[in-house]
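Data first, discussion second: the structure below is written as structure tokens.
The values are calculated or read from the model by the stated rules, or taken from the named source; none is laboratory data. Computed from a prediction, not measured in an experiment: that's the story for all the values here. Neighbour counts run over all protein chains shown; Cβ positions are idealised from the backbone, glycine included.
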Amino acid sequence: MTKRASHGAIACATAVLGTIAASPAFAQTSKIDPADTAWMIVATGFVLMMTLPGLALFYAGMVRKKNVLATMAQSLVATGICSLLWFAVGYSLTFAGDGPVIGTFQRVFLNGIGMDTTHPGVTNIPEILFMLYQMTFAVITVALVAGSVADRMRFGAFVWFCVGWLLLVYVPLAHWVWGGGFLQQAGVLDFAGGTVVHLNAGVAGLVAAYVVGARRGYGSENLAPFDLSLAVIGTGLLWVGWFGFNGGSALGANSRAVFAIVATHLAACAGALTWMALEWWRRGKPSVLGMISGAVAGLGTITPASGFVLPWQGAVIGVIAGVVCFWACTKLKTKLGYDDSLDVFGVHGVGGLTGTLLVGVFAAGAISATPEVPGGFPGLLEGNPKQLLLQAYGVIVTIVWAGGITWGLLKLINVFSPLRVSQQNEIEGLDISQHGEALQ
């Protein structure tokens, strides 16, 4: 069976890079390109930086002082657990084999990977580097979910959640979209993680917020952030890291990587300014929290489209992200009455959904063309409405899978380990109650 690999995974990257594998067996003949390898090492470092310290600072700056260390600890433990599980079995189940539902155990504990081994869909860089790059995506996706239940989830329960959610939710979905699974085979496009990362984490966060329940005092007490300066620094690290997140998903030092980076930057700028303008108009003052939220909304929304659109389309997507995510974090959140502490669903979930659908609208054949697919993957604006329907299909599958499995997993964990700290522990803060430490 001939397979196209891609990205951010293998679904858009092979399609995007045009690398063809004649069989699911792993390539042993080295075609490794030094320049591509150097760029992907840098991109891998950038994406890891997004979790530590980027997301850790971004989240910690938006919680109360008594929960800062506990919030950072969640990003740290997610990095450790997900990295080891990815090395042990996650990578193999995601990228070894191209079955419609799940991969194989061929690469368990990186079995068979040598100095010159390459993945059949990504033959220009060492397979060990491709594995490491994909590991950083798994890490940040799990860490993102923690923001929805900040200030109240027991650390022990979160540890079990990291294990179960990576293996039961992230790995299957990543295989479906990027590893040769049924969504990739159907033609769903996701350049760097609109479904696999952002919508997936956002839906899981929404479910977790409902299952764990609202914070004590939500809606009646002052739950203002401790130090927004930390969140601003975290935003900057995330923003730069996103160049590796989206640019690296081209899997090489090439023009598509640069186009993806430009679209990413413009979308972030447009999202920040749009959110700022809306808040200025509605509330009379533009908040720093609003501007950084708009930037992250733009970054998350452009992610699935970044390697398929022109720069001006990236800016338009950023504006749309600012409007839609602002509405989700203000109107929708109030209407549905859930306490998503750090707006994971409103920013990442809604942004990922919006961006995934917009791929079907804005995808440009000229940007996504390859020697094997000269016409590329055009969207609605270029006369291909079918792509929009395929994107909607991918969104529905992601919502159903992420939502259903997350709900079941949390209920199961709660049987053995309470999800939530006691009321007294919540009052004194998670830093003390969960870790025996506190900021002075």
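More than 19 Å from the chain's Cα centre (by Cα) and over 20 Å from residue 147 (Cβ atoms) - does that describe any residue in the range 286-308? Talk me through it step by step, then tell me what you get.
Our first condition is that a residue be more than 19 Å from the chain's Cα centre (by Cα); within the range 286-308, this holds for 286-291.
With the extra rule that they be over 20 Å from residue 147 (Cβ atoms), the set shrinks to 286.
There is at least one residue in the range 286-308 that is more than 19 Å from the chain's Cα centre (by Cα) and over 20 Å from residue 147 (Cβ atoms).
Is it the case that some residue within the range 346-353 is assigned to a loop (DSSP other than H, G, I, E, B), crowded, with 24+ Cβ neighbours inside 10 Å and under 19 Å from the mean Cα position of the chain (by Cα)? The answer is no, given that none of the residues of the range 346-353 is assigned to a loop (DSSP other than H, G, I, E, B), crowded, with 24+ Cβ neighbours inside 10 Å and under 19 Å from the mean Cα position of the chain (by Cα). Within the set of pairs 6+ apart or on separate chains, which have a first residue in the range 266-281 that is closer than 12 Å to residue 301 by Cα, a second that is surrounded by fewer than 24 Cβ atoms within 10 Å (Cβ to Cβ), and C-beta atoms under 7 Å apart? Once the first residue is closer than 12 Å to residue 301 by Cα and sits in the range 266-281, its partners that are surrounded by fewer than 24 Cβ atoms within 10 Å (Cβ to Cβ) give 266/311; 266/315; 267/315; 268/239; 270/315; 270/319.
Restricting to the range 415-437, give me the number of residues that are buried (at least 16 other Cβ atoms within 10 Å of the Cβ) and in contact (Cβ under 8 Å) with a residue 24 or more places away in the chain. Quick ask: steps written out before the conclusion?
Let us first name the residues in the range 415-437 that are buried (at least 16 other Cβ atoms within 10 Å of the Cβ), namely 419-421, 426, 429-431, 433-434.
From what's left, in contact (Cβ under 8 Å) with a residue 24 or more places away in the chain: 419-421, 426, 429-431, 434.
Summing the residues that are buried (at least 16 other Cβ atoms within 10 Å of the Cβ) and in contact (Cβ under 8 Å) with a residue 24 or more places away in the chain in the range 415-437 gives 8.
Counting only helices (runs of 4 or more DSSP H) that sit wholly inside the range 359-440, those with at least 2 residues that are more than 30 Å from residue 223 (Cβ to Cβ) are 365-368, 385-416.
The lone criterion from (1) under 22 Å from the mean Cα position of the chain (by Cα); (2) under 21 Å from residue 56 (Cα atoms) left unmet by residue 438 is number (1).
How many of the residues in the range 392-408 are surrounded by fewer than 18 Cβ atoms within 10 Å (Cβ to Cβ) and in contact (Cβ under 8 Å) with a residue 60 or more places away in the chain? Number satisfying all stated conditions: 3. Considering the range 1-67, the qualifying helices (runs of 4 or more DSSP H), each wholly inside and each with 1 or more residues that are among the small types (Gly, Ala, Ser) and at pLDDT 85 or above, run over 34-49, 56-60. For the range 238-267, the set of residues classified as surrounded by 21 or more Cβ atoms within 10 Å (Cβ to Cβ), in contact with a Leu (Cβ under 9 Å, 6 or more places away or on another chain) and either of a type in the set (A, V, I, L, M) or not in a helix (DSSP H, G or I) (or both) consists of 238, 250, 251, 252, 257, 263, 267, listed by residue number.
Within the range 269-305, can you find the residues that are under 30 Å from residue 124 (Cα atoms) and either assigned to a helix (DSSP H, G or I) or small (Gly, Ala, Ser) (or both)?
Taking the range 269-305 first, the residues under 30 Å from residue 124 (Cα atoms) are 299-305.
Once the filter is applied, which keeps residues that are under 30 Å from residue 124 (Cα atoms) and either assigned to a helix (DSSP H, G or I) or small (Gly, Ala, Ser) (or both), the range 269-305 yields 299, 300, 301, 302, 305.
Among the residues of the range 90-133, just one is hydroxyl-bearing (Ser, Thr, Tyr) and in contact with a Phe, Trp or Tyr (Cβ under 6 Å, 6 or more places away or on another chain), namely 92. Cβ separations smaller than 9 Å between residues 6+ apart or across chains give the following pairs from the range 369-386 residues that are closer than 17 Å to residue 191 by Cα and at pLDDT below 90 to residues that are outside any loop (DSSP other than H, G, I, E, B) and among the acidic types (Asp, Glu): 376/382. Annotation: residue 363 fulfils all but one of (1) under 27 Å from the mean Cα position of the chain (by Cα); (2) without any contact (Cβ under 8 Å) to a residue 12 or more places away in the chain; the unmet one is (2).
Only one residue in 231, 209, 214 is closer than 30 Å to residue 413 by Cα and surrounded by 17 or more Cβ atoms within 10 Å (Cβ to Cβ), so which one is that?
Values: 231 fails: closer than 30 Å to residue 413 by Cα; 214 fails: surrounded by 17 or more Cβ atoms within 10 Å (Cβ to Cβ).
Exactly one of 231, 209, 214 is closer than 30 Å to residue 413 by Cα and surrounded by 17 or more Cβ atoms within 10 Å (Cβ to Cβ), namely 209.
Matching residues to (1) under 19 Å from residue 189 (Cα atoms); (2) surrounded by fewer than 24 Cβ atoms within 10 Å (Cβ to Cβ); (3) touching a strand residue (DSSP E or B) at 6+ places or on another chain (Cβ under 6 Å):
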| residue | (1), (2), (3) |
| --- | --- |
| 269 | no, yes, no |
| 276 | no, yes, no |
| 296 | no, no, no |
| 308 | yes, no, no |
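Would the range 315-326 turn up any residue that is part of a helix (DSSP H, G or I), among the hydrophobic types (A, V, I, L, M, F, W, C), touching a Pro at 6+ places or on another chain (Cβ under 7 Å) and more than 30 Å from residue 208 (Cα to Cα)?
no
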